[in-house]
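Below is one structure; the comments refer to it alone.
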Amino acid sequence: MFNRLEAPGQDPILSLALAFRDDPRPDKIDLGIGVYRNSEGVTPIMTAVRKAAVELAQTQPSKSYVGLAGDEQFNQSITDLLLQGTAGHARSAAIQTPGASGALRMLADLIATARPEATVWISRPSYVNHQPVMEGAGLTVREYPYFDVSTKQVDESAMLEQISQLGPDDVLLLHGCCHNPTGADISMESWQRITEMAVKQGFLPFVDIAYQGFGDGLHEDGSGLRLLADAVPEMVIATSCSKNFGLYRERTGAAIVIGEDLAQAQKAKAHIQRLARGTYTMPPDHGAAIVAKILNEPALRAEWEQELNGMNGRINHLRAELVSQFRAATDSDRFDYFGQHRGMFSVTGLSAEQLQQLKDDFGIYVVAGGRVNVAGLSEQAIPRVVEGFLAVGA
C-alpha cells in the first residue's frame, strides 16, 4: 500500500528548525519558528502558569475524560476574555480544541456541513495552515489582496474592494491582530468598513486570533473582533493560548460560534462536538485547566497580565531597536516597517537567494518568504542581523 505514496515536500518552518539545530556555529541566529524567547534565548514558562500548574498537580482530583466540549470553565472564561461587553457574547457558544489549528479545522468542518458550497477568502499572504485546513475540510479557498510588498503595509483599498464583492456564500477569514506572517494589521477604520459590509452583504466573518496581547495590549488587540461581534448576526472565532499563556506544547485553543440567537449557537456547538468525535474525540485537559484557573483567580490573572505586558513591551522594544540601528547604519527609513508592524513577525521581502546567503554567510535563519520572528531575537543579536541584512542587499 505505502509504496504508492510519494515523498511529501519538507515543511518550510520545521525543516529550517532542523537545519538550525544541526548548524555548529555558536553565533547562529534563529528567526524562523514562531515562539517568543526572552533575552537569554529561552521560551519561558510564565510565573502564573507555573503556579497554576503546581496547584493543579496538588489538588486536581482526577485525570478522567473531560468530554467532547473540553473544560467548560475554560470555554466560558476564554469567551468572556474575547467577547465580554459585546452583543454577540450572550449568543455565543464555545468548544475547547487542540490548539487554534484544531479550532480552525473544527470550524471549517462546521462551515462545510452547513454550507458546503462556501468559499473561504484568506489574505494574500496568510498563515501557512489556513489554506490546507480549509481545503482539507472540502472548502474552496480564494485570496483577497492584503500585503503591499513595496510599502510593507496593508493595501487596504484593494482589500476592501475585493471584500465589497462578497456575499452570503462567502466566508472572510481575518487575523484578529498581529497578522501572521506580515506583522501588518488593518486599521480600525477598515474593521468598521468590514463590519458594515458583513451586515449588509451577508458574508460570514471568521476571525483567527492567535496573538492577543502581543500587539498593542490585551484589550486593544481584540478591538476589531469586538466591533464585529457587536454588530454581525453570525460569526466564528478560532483562538489560541499558545503565545499569550506560553502554552505551546499543551495545544490549548477554542472554537467560538456566535449565532443569531443562543439556540443557534448551541446547535452549532453540538455539531462541532459531533465532528470532534470523528477526529480527535476530546481535547487535552492540562493547558485549559491552567488557563481557566488563571482567568478565574484575581491574583493569578493580575500576575499573568503583568508578565504578558512585559513580553509585549519587550517585543516592541526589539522592533524599536531594529529601526534605530538600521537607521544609524543606512541613514534611511526603509526599515521603519519593523516599528510599524505588530506582534511576533515581519515580512521583509528578502528573496530566496538573499535568505540562502544570510544562512550561509551569517548563520541567520529566516523562513522562506522572508518572515522574521522578531520575538525570537535577543538584544545582542540585533547588530549582526543589521549587518547581515545590509550585506545581502536588503
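Read the figures in this text as sums done on the coordinates, not as results from a lab. On a predicted model such as this, the values are computed, not experimentally measured, just so you know. Reconstructed Cβ throughout: ideal geometry from the backbone, glycine too, with neighbour counts over all protein chains shown.
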- Normalised contact order of the chain, rounded percent, pairs of Cα under 8 Å and 6 or more residues apart: 26 percent
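Arrange the peptides 15-27, 195-207 so that the one whose residues have, on average, the most other Cβ atoms within 10 Å appears first.
195-207, 15-27
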- Task: Treat the count of other C-beta atoms within 10 Å as a stand-in for reagent exposure and order Glu117, Glu303 from fewest to most.
- Result: Glu117, Glu303
- Query: Averaged over all directions, how much area does the convex hull of the C-alpha atoms of region 9-82 cover when projected, in nm²?
  - Reply: 9.2 nm²
- Could you give the angle, 0 to 90 degrees to the nearest 10, between helix 47-59's Cα long axis and the longest principal axis of the Cα atoms of the chain? 40 degrees
- So how strong a dipole does the chain carry about its Cα centre when Lys and Arg Cβ are +1 and Asp and Glu Cβ are -1, to the nearest 20 debye? 920 debye
- Message: Could you sort the peptides 360-369, 231-240, 157-166 by per-residue average Cβ neighbour count (10 Å cutoff), highest mean leading?
- Response: 231-240, 360-369, 157-166
- Report, ordered by chain and residue number, the lysines lying within cross-link reach of Lys269, taken as a straight Cα distance under 30 Å and ignoring same-chain residues fewer than 8 apart. Lys63, Lys200, Lys243, Lys293
- For helix 12-22, report the angle its Cα long axis makes with the longest principal axis of the Cα atoms of the chain; keep it between 0 and 90° and round to the nearest 10°. 50 degrees
- Table column - 3J(HN,Hα) (Hz), region 376-393, Karplus curve with 6.51, -1.76, 1.60, x for Gly and Pro: x, 6, 9, 4, 6, 8, 4, x, 5, 4, 4, 4, x, 4, 5, 5, 8, x
